Amino acid sequence: NWSSDAAQLHQPFLREMTSDGRFVREFAVPAMYLYRDNATTGARNNKVFEALTVAEDGTVYIANEDALAQDGPLTTVGAGSVVRVTAMDPASGNAKAQYAYRLPPIPVDAPPGAPFGPDNGLSELLATGKNRFIAVERAFAAGIGNTIRLVETEITASTTNVLSVPSLSGASYTPMGRKLLLEMPITYQGVKLDNIESITWGRTLANGNRTLVLAADNNFTAQTQANQFIVLEVLAD
C-alpha cells in the first residue's frame, strides 16, 4: 500500500526465493511501477503487482492490477483502463519487453452508500504457450460480489513493445489480443464467487481433458470472505 511516511512505504518488488524461504535474487523491475506520489505518476495504492506467470522458456511475466497514474484513469463502470504486462529476462533479471493490456469497464456497479466504489483488475496470468496466456479479470462491487472473467490473451507480431513509452495516456499502440473465454457472474453454478486472484493447471482427467484451478483469498477477513478453490474442466475445441 501507498504511504506518505517513508518508513512505512515499501516499493513493489519481484524476488526469487527457494522453497524453504531463502532469498536468491531481486529482479530489476522498471521504475515506472514504483510508488511516487499516488496521484500523478507511478503506482497507485494497492494497484501494483497482482499477476505473475513463468513461460516455458523461463521468462517471468508480471503485471499491475489497474492503471499506473501516468497511464490514465482507473477502470470505471463507464470506461476501461490499461495495464502493463512486463517480460522479465530470467538470465539478466532485467525487463526485456512490455505490452499493454486493456481492461474492460466494471460490469456491475456498487449500490448507493457503498463504503467504496467498484473496481476491475487484472488479477492473474497463466502462460499457456509461446506468447499466449489466460488472464483472470476480477471485478468487485461492494455489497454485491465478484464477477470473474477468463480471457485468452496473446502477444503477436503487431503487439507494441511499450517498455520505452513513459505514458500510455494518449499514446498510439497495439495492445495484447483479448478473447473472452468464460464470464463467471456473481453466482456461478450455485457458487457465490469470492476474490479470485489465482489460476493454475490442475490434474488431467480420465477422459484426457485438462483442468484449471481457480483460487480466492479472503483478504484476512474470514467473517465476510472465504478461501475458495474452483476446478474447471477444459473442453477441447
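The values are calculated or read from the model by the stated rules, or taken from the named source; none is laboratory data. Everything quoted here is computed from the prediction, not taken from an experiment. Note: ideal-geometry Cβ built from the backbone for every residue, glycine included; neighbour counts use all protein chains shown. Side chains are part of the model used for accessible areas, which takes the heavy atoms of the whole protein and leaves out ligands, DNA and RNA. Shrake-Rupley method; radii C 1.70, N 1.55, O 1.52, S 1.80 Å.
For the reader, a short list of remarks on this structure follows.
- Here residue 135 clears all of (1) in contact (Cβ under 8 Å) with a residue 12 or more places away in the chain; (2) open to solvent by 60 Å² or more (accessible area, probe 1.4 Å) except the condition numbered (2).
- Test: residue in region 138-153 that is open to solvent by 40 Å² or more (accessible area, probe 1.4 Å) and free of Cβ contacts under 8 Å to residues at least 24 places away in the same chain: no
- Hey, residue 161 open to solvent by 10 Å² or more (accessible area, probe 1.4 Å), touching a strand residue (DSSP E or B) at 6+ places or on another chain (Cβ under 8 Å) and touching a residue at least 40 places away in the same chain (Cβ under 8 Å) or not: yes
- Residues of region 65-117 that turn out to be assigned to a loop (DSSP other than H, G, I, E, B), among the β-branched types (Val, Ile, Thr) and under 16 Å from the mean Cα position of the chain (by Cα), as a count: 2
- Considering residues of region 32-84 that are in contact with a strand residue (DSSP E or B) (Cβ under 8 Å, 6 or more places away or on another chain) and of a type in the set (Asp, Glu) only, the residue farthest from residue 101 (Cα to Cα): 56
- Note on region 179-205: residues that are of a type in the set (A, V, I, L, M), open to solvent by 40 Å² or more (accessible area, probe 1.4 Å) and either in a loop (DSSP other than H, G, I, E, B) or farther than 17 Å from residue 120 by Cβ (or both) total 2.
- Residue check, residue 147 over 20 Å from residue 59 (Cβ atoms) and under 17 Å from the mean Cα position of the chain (by Cα): yes
- Lone unmet requirement of (1) under 22 Å from residue 160 (Cα atoms); (2) touching a Pro at 6+ places or on another chain (Cβ under 7 Å) for residue 77: (1)
- Residue under evaluation residue 217, criteria (1) among the acidic types (Asp, Glu); (2) touching an Asp or Glu at 6+ places or on another chain (Cβ under 7 Å); (3) without any contact (Cβ under 8 Å) to a residue 40 or more places away in the chain; (4) crowded, with 20+ Cβ neighbours inside 10 Å, criterion not met: (4)
- Selection of region 58-99 for residues being of a type in the set (Val, Ile, Thr), farther than 24 Å from residue 172 by Cβ and open to solvent by 40 Å² or more (accessible area, probe 1.4 Å) yields only 77.
- Residues (among the β-branched types (Val, Ile, Thr), touching a residue at least 60 places away in the same chain (Cβ under 8 Å) and exposed (fewer than 15 other Cβ atoms within 10 Å of the Cβ)) located in region 18-57: 54
- Of all residues in region 62-79, those that are within 13 Å of residue 118 (Cβ to Cβ) and not aliphatic (A, V, I, L, M) total 4.
- Verdict on residue 13 being open to solvent by 20 Å² or more (accessible area, probe 1.4 Å), under 20 Å from residue 197 (Cα atoms) and without any contact (Cβ under 8 Å) to a residue 60 or more places away in the chain: yes
- Top-ranked residue in region 203-224 [being within 20 Å of the chain's Cα centre (by Cα) and of a type outside the set (A, V, I, L, M); ranked as nearest to residue 151 (Cα to Cα)]: 217
- Residue in region 20-33 that is modelled with pLDDT of 95 or more, acidic (Asp, Glu) and farther than 24 Å from residue 137 by Cα present: yes
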